[in-house]
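Below: the structure, in structure tokens.
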Amino acid sequence: MTAPIDTRPHTPRVFSGIQPSGGLTLGNYLGAIKRFVAMQESGTPSLYCMVDLHAITVWQDPASLSRATRELCAGFIASGLDPEKSILFNQSQVAEHAQLGWVLSCVARMGWMKRMTQFKDKAGKNAENASLGLFGYPALMAADILIYHATHVPVGEDQKQHLELTRDIAAKFNHDYGVDFFPITEPVIEGAATRVMSLRDGSKKMSKSDPSDMSRINMTDDADTIAKKIRKAKTDAEPLPSELDGLEGRPEARNLVNIYAGLADVSAEDVMREMGGRAFSEFKPALADLAVDKMAPISGEMSRLMQDTGEIDAILARGAADARAIAAPILKRTYEIVGMVGS
Ligand code: AQP
């Protein structure tokens with residue numbers, strides 16, 4: 001007999017997701033996936049999701065979406081997520097996300113949603129033409145987390161505001177219905193590279209949808225491409241300072257230092273101690289060697305895994321079944337709290 005699912009709030013559980021909206025970047029790796037692996041290794045029960053419902057908030061070619069979903073799963077596994085230790089699945093296959101998403105859309109307030117800076121960034125000047133889904137995205141993201149009563153969510157810096165919204169939604173639900181049902185989730189924003197910037201513009205986040213491929217390192221890039229992109233990354237003419245303060249006003253230099261620290265698993269201060277005083281002509285080759293050393297084996301493993309998509313689909317199907325087993329009783333209880341009549 002299987003043990004009953006523990007639906008009490010506050011039992012430690014980790015959830016996070018990534019959109020299959022294109023190829024994975026070094027930003028996704030350092031800001032999110034590397035943290036996922038660390039959380040998995042800490043032994044806390046963890047779910048990692050390919051959030052395909054979020055991806056379609058902007059147009060996705062159907063064949064590309066399917067490929068990106070499988071490739072994301074391959075990226076997770078190649079980076080060290082183990083389907084025997086963590087639940088890996090795609091969001092659309094666990095209907096409870098969308099079902100709870102609706103309930104939470106009725107809890108979230110328009111004023112809260114309108115403050116979300118990511119919507120403003122992504123919708124740009126043409127907000128009237130953005131999808132309703134793009135605007136409502138953070139309520140579905142709250143549901144992704146709360147449908148598992150997740151207590152910890154590892155993310156990059158850019159997701160901080162959405163996680164604060166998730167906490168507000170959980171607190172309002174608990175308050176409005178007089179329950180202590182949803183946990184107040186803790187964001188886990190850790191590591192030296194919580195916000196990796198574009199290699200072409202230190203004021204812009206490295207992003208999979210940036211039109212310039214030279215702005216990012218893709219997790220599928222081979223060794224030569226990685227080295228070339230780092231060699232050509234925008235920098236200034238000064239050598240590296242020996243103190244972090246010396247990087248003030250030098251966003252591109254600061255970004256490369258953070259990337260080095262994130263890849264080497266050391267602090268930015270440690271990098272300054274090791275590299276301070278060196279010119280970029282010395283620092284860039286060291287960074288390229290490190291990036292190739294860390295990323296090329298992942299890219300190689302991803303392409304090996306992508307040769308057998310049947311195996312990936314089987315992992316996703318098993319993961320979805322395991323995720324549903326946790327989500328279903330939490331949705332059922334939510335409906336009871338709200339007053340939905342059901343069997
Ligand atoms: N540049 C980054 N630095 C650190 N962390 C990052 N993340 C994304 N970019 C960086 C983290 O990766 C996780 C998944 O993000 P996502 O792909 O679901 O959404 P996003 O943040 O919108 O990523 P992109 O690359 O910018 O996607 P597009 O271009 O499709 O909008 C999150 O934890 C995020 O913080």
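The values are calculated or read from the model by the stated rules, or taken from the named source; none is laboratory data. Given the structure is predicted, the values throughout are model-derived calculations rather than measurements. Glycine also receives a Cβ, built like all others from the backbone with ideal geometry; neighbour counts cover every protein chain displayed. Just the protein is used for accessible areas: all its heavy atoms, side chains included, with ligands, DNA and RNA removed. Shrake-Rupley method; radii C 1.70, N 1.55, O 1.52, S 1.80 Å.
Got a number for residues in region 170-213 being of a type outside the set (D, E) and either farther than 21 Å from A32 by Cα or over 21 Å from the mean Cα position of the chain (by Cα) (or both)?
Of region 170-213, the ones of a type outside the set (D, E) are 170-175, 177-179, 181-185, 187-189, 191-200, 202-209, 211-212.
Those left that are additionally either farther than 21 Å from A32 by Cα or over 21 Å from the mean Cα position of the chain (by Cα) (or both): 170-175, 177-179, 181-183, 200, 211-212.
Residues in region 170-213 being of a type outside the set (D, E) and either farther than 21 Å from A32 by Cα or over 21 Å from the mean Cα position of the chain (by Cα) (or both): 15 in total.
Examine region 149-158 for a residue that is at positive phi and surrounded by 16 or more Cβ atoms within 10 Å (Cβ to Cβ), and state whether such a residue exists. So that I can check it myself, show each step before the final result.
If we filter region 149-158 for residues that are at positive phi, which is where we start, we get 149.
Subsequent filtering for residues that are surrounded by 16 or more Cβ atoms within 10 Å (Cβ to Cβ) retains 149.
There is at least one residue in region 149-158 that is at positive phi and surrounded by 16 or more Cβ atoms within 10 Å (Cβ to Cβ).
Just one of the numbered conditions (1) within 30 Å of E71 (Cα to Cα); (2) touching a Leu at 6+ places or on another chain (Cβ under 6 Å) is not true of P285; which one?
Single failed check for P285: (2).
Is there a residue in region 170-186 that is within 11 Å of the ligand (Cβ to nearest atom), open to solvent by 20 Å² or more (accessible area, probe 1.4 Å) and assigned by TED's automatic domain parsing to the domain that holds S86?
Taking region 170-186 first, the residues within 11 Å of the ligand (Cβ to nearest atom) are none.
No: region 170-186 contains no residue that is within 11 Å of the ligand (Cβ to nearest atom), open to solvent by 20 Å² or more (accessible area, probe 1.4 Å) and assigned by TED's automatic domain parsing to the domain that holds S86.
From A78, A68, A74, A98, grab the single residue that is touching a residue at least 40 places away in the same chain (Cβ under 8 Å) and open to solvent by less than 10 Å² (accessible area, probe 1.4 Å).
Working: A78 fails: open to solvent by less than 10 Å² (accessible area, probe 1.4 Å); A68 fails: open to solvent by less than 10 Å² (accessible area, probe 1.4 Å); A98 fails: open to solvent by less than 10 Å² (accessible area, probe 1.4 Å).
Of the residues listed, the single one that is touching a residue at least 40 places away in the same chain (Cβ under 8 Å) and open to solvent by less than 10 Å² (accessible area, probe 1.4 Å) is A74.
Considering only region 171-197, how many residues are in a loop (DSSP other than H, G, I, E, B), in contact (Cβ under 8 Å) with a residue 40 or more places away in the chain and closer than 19 Å to L146 by Cβ? If you could, list the steps in order and put the result at the bottom.
The first filter runs over region 171-197 and keeps only residues in a loop (DSSP other than H, G, I, E, B), leaving 178-185, 189-196.
Still in the list and also in contact (Cβ under 8 Å) with a residue 40 or more places away in the chain: 179-183, 185, 190-196.
Among the residues that remain, those that are also closer than 19 Å to L146 by Cβ are: 179-183, 185.
The qualifying residues number 6.
If a residue has to be open to solvent by 20 Å² or more (accessible area, probe 1.4 Å), of a type outside the set (S, T, N, Q) and more than 6 Å from the ligand (Cβ to nearest atom) to count, how many in region 195-209 make the cut?
Final tally of qualifying residues: 4.
Let's see how each residue does on (1) at pLDDT below 95; (2) crowded, with 17+ Cβ neighbours inside 10 Å:
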| site | (1), (2) |
| --- | --- |
| E274 | yes, no |
| M295 | no, yes |
| A321 | no, no |
| I326 | no, yes |
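Residue by residue through region 129-176, note down the ones that are touching a strand residue (DSSP E or B) at 6+ places or on another chain (Cβ under 7 Å) and not hydrophobic (A, V, I, L, M, F, W, C). Give the derivation first.
Looking only at region 129-176, we keep the residues that are touching a strand residue (DSSP E or B) at 6+ places or on another chain (Cβ under 7 Å), and these are 144-145, 148, 150-155, 158, 160, 163.
Hits for region 129-176 are D144, Y148, T151, H152, P154, D158, K160.
How about region 244-272: which of its residues are in a helix (DSSP H, G or I) and open to solvent by 40 Å² or more (accessible area, probe 1.4 Å)? Show your work before the answer.
In the first step, residues of region 244-272 are kept if they are in a helix (DSSP H, G or I); the result is 244-247, 251-264, 268-272.
Listed by number, the residues that qualify are D245, P251, R254, E269, D270.
Might you let me know whether region 234-243 holds any residue that is open to solvent by 50 Å² or more (accessible area, probe 1.4 Å), under 24 Å from C73 (Cα atoms) and within 16 Å of the ligand (Cβ to nearest atom)?
Initially, region 234-243 is screened for residues open to solvent by 50 Å² or more (accessible area, probe 1.4 Å), giving 234, 236-239, 242-243.
This time we only want the ones that are under 24 Å from C73 (Cα atoms), so: none.
No, because not a single residue in region 234-243 is open to solvent by 50 Å² or more (accessible area, probe 1.4 Å), under 24 Å from C73 (Cα atoms) and within 16 Å of the ligand (Cβ to nearest atom).
Is it true that K284 is more than 16 Å from the ligand (Cβ to nearest atom) and either part of a helix (DSSP H, G or I) or assigned by TED's automatic domain parsing to the domain that holds Q60 (or both)?
On the way: more than 16 Å from the ligand (Cβ to nearest atom): yes; either part of a helix (DSSP H, G or I) or assigned by TED's automatic domain parsing to the domain that holds Q60 (or both): yes.
Yes: the conditions hold for K284.
Does at least one position in region 245-260 carry a residue that is more than 16 Å from the ligand (Cβ to nearest atom) and under 29 Å from A55 (Cβ atoms)?
We begin by selecting, within region 245-260, every residue more than 16 Å from the ligand (Cβ to nearest atom); these are 245-250, 253.
Those still in the list that are under 29 Å from A55 (Cβ atoms) too: none.
Looking for residues that are more than 16 Å from the ligand (Cβ to nearest atom) and under 29 Å from A55 (Cβ atoms), one finds none in region 245-260, hence no.
Would you mind stating whether R231 is in contact (Cβ under 8 Å) with a residue 60 or more places away in the chain and of a type outside the set (A, V, I, L, M, F, W, C)? Write out each step before concluding.
Numbers: in contact (Cβ under 8 Å) with a residue 60 or more places away in the chain: no; of a type outside the set (A, V, I, L, M, F, W, C): yes.
Answer is no for this residue.
Taking A143 and the conditions (1) open to solvent by less than 40 Å² (accessible area, probe 1.4 Å); (2) within 15 Å of the chain's Cα centre (by Cα); (3) of a type in the set (A, V, I, L, M, F, W, C); (4) assigned by TED's automatic domain parsing to the domain that holds A74, which numbered condition does it fall short on, given that it satisfies the others?
(2)
Checking the condition at pLDDT 95 or above and near the ligand (Cβ under 9 Å from one of its atoms), which residue from G80, G17 passes?
On the way: G80 fails: near the ligand (Cβ under 9 Å from one of its atoms).
Only one candidate passes the filter, namely G17.
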